[in-house]
Amino acid sequence: MAAAKIRKGDQVVILSGKDKGKTGEVVRSIPKEMKVVVSGINVHARHRKPSQTNPQGGIERKEAPMHVSKVAIADPKTGKASRVRFETRDGKKVRVAAKSGELIHG
């Protein structure tokens, strides 16, 4: 399997959909489905009936997974969307923001 361009903990910019232009942190990565969960982005509401575990019931809001192609790494220098490139530095394979050449930590 190829190395992950977007990982948990990365700052990403949303490229399309209702949250286009917003930025957030990747909370969870689902490589098999090619999806990511971003904090505060793609929030869906679900109406829950009262139950023994949740006697109050009500509306439950949580982030839904979105496809990796809808997000791009936020450039560490500018904060704008950038593609990811892999380079070998000091004998290690590292991720680099294609726009600025800045190293991506994560």
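Data table
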quantity	calculated
Test: residue in the stretch 29-43 that is of a type in the set (Asp, Glu), out of contact with any strand residue (DSSP E or B) (no Cβ under 7 Å at 6 or more places or on another chain) and closer than 23 Å to Ala4 by Cβ	yes
Matching residues, the stretch 9-57, being assigned to a loop (DSSP other than H, G, I, E, B) and either at positive phi or among the β-branched types (Val, Ile, Thr) (or both)	Gly9, Gly17, Gly21, Met34, Gly40, Ile41, Asn42, Thr53, Gly57
Top-ranked residue in the stretch 66-94 [being in a strand (DSSP E or B) and of a type in the set (S, T, N, Q); ranked as farthest from Ser29 (Cα to Cα)]	Thr88
First in the stretch 44-56 and more than 27 Å from Asp19 (Cβ to Cβ) and open to solvent by less than 100 Å² (accessible area, probe 1.4 Å), second anywhere and modelled with pLDDT under 95 and not basic (Lys, Arg), Cβ under 6 Å, 6 or more apart	Pro50/Gly57
Verdict on His67 being of a type outside the set (Asp, Glu), more than 16 Å from Ala4 (Cβ to Cβ) and either open to solvent by 50 Å² or more (accessible area, probe 1.4 Å) or touching a residue at least 24 places away in the same chain (Cβ under 8 Å) (or both)	no
Filter result for Lys5 (charged (D, E, K, R), under 14 Å from the mean Cα position of the chain (by Cα) and closer than 16 Å to Ala98 by Cβ)	yes
In the stretch 70-106, residue least open to solvent (accessible area, probe 1.4 Å) [restricted to those that are in contact with an Asp or Glu (Cβ under 7 Å, 6 or more places away or on another chain) and of a type in the set (Asp, Glu)]	Asp75
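The values are calculated or read from the model by the stated rules, or taken from the named source; none is laboratory data. Predicted model, so just to flag it, every value in this text is computed and none were measured. Using ideal geometry, Cβ is built from the backbone for each residue, glycine included, and neighbour counts are taken over all protein chains shown. Note: areas computed on protein heavy atoms with side chains; ligands, DNA, RNA excluded. Shrake-Rupley method; radii C 1.70, N 1.55, O 1.52, S 1.80 Å.
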